[in-house]
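Inspection log for the structure reproduced underneath, given as structure tokens.
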Amino acid sequence: MDAMKIVDVCKSFQGNIAVNNASLKVEEGKITGLIGANGAGKTTLFNCISGYYQATSGKIYFRDKEIQNKSAQQLCHMGIARTFQIAKPFGMLSALDNVAVGGYNKAKNRKEAYQFAEESLEMVGLLDKKDNLAMLLNTGEQRKLELARALSTKPEVLLLDEVMAGLTPTESLEMVNLIEKVNASGITILMIEHIMPVIMKLSSYIYVMERGKVIAEGSPVEVANNQKVIESYLGKGLEV
């Protein structure tokens, strides 16, 4: 069963095509990867899926319902959450207050929003930092904070946009384990990532974009050995 389906989505800006008839499926309960060089259109496609942009054309389905004309707020309430390439916390608020902002998406009141926030901070390993100002958290902790805020919305599908960016090898390993933990909790994940060993390890299926188009798809092994992908992105075969 597909949690999401993207069909022939296009997005252009003043005649410049950023996403060109992109189609992909996100299988329920799985981690699906999306890779490609900088400028391939991955984040623009994410923005269309999550309601930050409206697609110029094409269809986007969430549980068989068309959603391409819905706002980010509506989609979040339906169960689609996302993180961003650059973490931008409310620096002068505590970690708990930052995450509670997301909790209000499904919470009936303030108490429940903060309950959701504490649960999310515990899941990502930041509960002991809940009273710390967000601006004082290091890069790895801010990445976790961004993830916790998305989790506090109680998503069914989570879109992760380069959550490993700027992390040390140790922090990256922690994030890999955390993503596996989130997925094991029942949350379906679509993720963009440039670190190939990470995306190959986590994903059950991968799509590859180039110049706005999906040029290849398949299992990690199939993608790593696809000649078109090797020539346009990987540069050489990748052991999986």
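The values are calculated or read from the model by the stated rules, or taken from the named source; none is laboratory data. The model shown is predicted, which means the values in this text are computed figures rather than measured ones. Positions of Cβ are generated from backbone atoms using ideal geometry, with glycine treated the same way; all protein chains shown enter the neighbour counts. To get the accessible areas, we keep the full protein, side chains included, count just its heavy atoms, and leave off ligands, DNA and RNA. Shrake-Rupley method; radii C 1.70, N 1.55, O 1.52, S 1.80 Å.
List of remarks:
- Within the stretch 1-78, strands (runs of 3 or more DSSP E) holding 3 or more residues that are open to solvent by less than 80 Å² (accessible area, probe 1.4 Å), of a type in the set (Val, Ile, Thr) and under 26 Å from Tyr233 (Cα atoms): 2-13, 31-35
- Criterion (hydroxyl-bearing (Ser, Thr, Tyr) and more than 20 Å from the chain's Cα centre (by Cα)) met by exactly one of Ser71, Ser57, Ser120: Ser57
- Of Glu122, Glu112, Glu66, all but one fail to be acidic (Asp, Glu), closer than 26 Å to Leu24 by Cβ and free of Cβ contacts under 8 Å to residues at least 12 places away in the same chain; the exception is Glu66.
- Any chance Lys201 is touching a residue at least 40 places away in the same chain (Cβ under 8 Å), outside any strand (DSSP E or B) and surrounded by fewer than 19 Cβ atoms within 10 Å (Cβ to Cβ): no
- Condition check for Glu210: over 30 Å from Val99 (Cα atoms), open to solvent by 30 Å² or more (accessible area, probe 1.4 Å) and of a type in the set (Asp, Glu): yes
- Options Ala150, Ala184; residue that is open to solvent by 40 Å² or more (accessible area, probe 1.4 Å) and at pLDDT 95 or above: Ala184
- Test: Val176 is outside any strand (DSSP E or B), open to solvent by less than 20 Å² (accessible area, probe 1.4 Å) and either touching a helix residue (DSSP H, G or I) at 6+ places or on another chain (Cβ under 8 Å) or over 18 Å from Lys30 (Cα atoms) (or both): yes
- Yes/no for Ile86 being of a type outside the set (Gly, Ala, Ser) and either closer than 20 Å to Val101 by Cβ or crowded, with 19+ Cβ neighbours inside 10 Å (or both): yes
- So Ile31, is it over 30 Å from Asp128 (Cβ atoms) and in contact with a strand residue (DSSP E or B) (Cβ under 6 Å, 6 or more places away or on another chain): no
- Sub-6 Å Cβ pairs linking a first residue in the stretch 127-151 that is free of Cβ contacts under 8 Å to residues at least 40 places away in the same chain to a second residue that is surrounded by fewer than 19 Cβ atoms within 10 Å (Cβ to Cβ) and in a helix (DSSP H, G or I), at least 6 apart or interchain, are Gly140/Glu171, ordered by first then second residue.
- Residue-level analysis places Leu160 among those that are open to solvent by less than 50 Å² (accessible area, probe 1.4 Å), within 29 Å of Phe116 (Cα to Cα) and modelled with pLDDT of 95 or more.
- Test: residue in the stretch 130-138 that is touching a strand residue (DSSP E or B) at 6+ places or on another chain (Cβ under 6 Å), surrounded by fewer than 16 Cβ atoms within 10 Å (Cβ to Cβ) and of a type in the set (Asp, Glu): yes
- When Val26, Val19 are screened for being in contact with a Gly (Cβ under 9 Å, 6 or more places away or on another chain) and either hydrophobic (A, V, I, L, M, F, W, C) or in contact (Cβ under 8 Å) with a residue 60 or more places away in the chain (or both), only Val19 passes.
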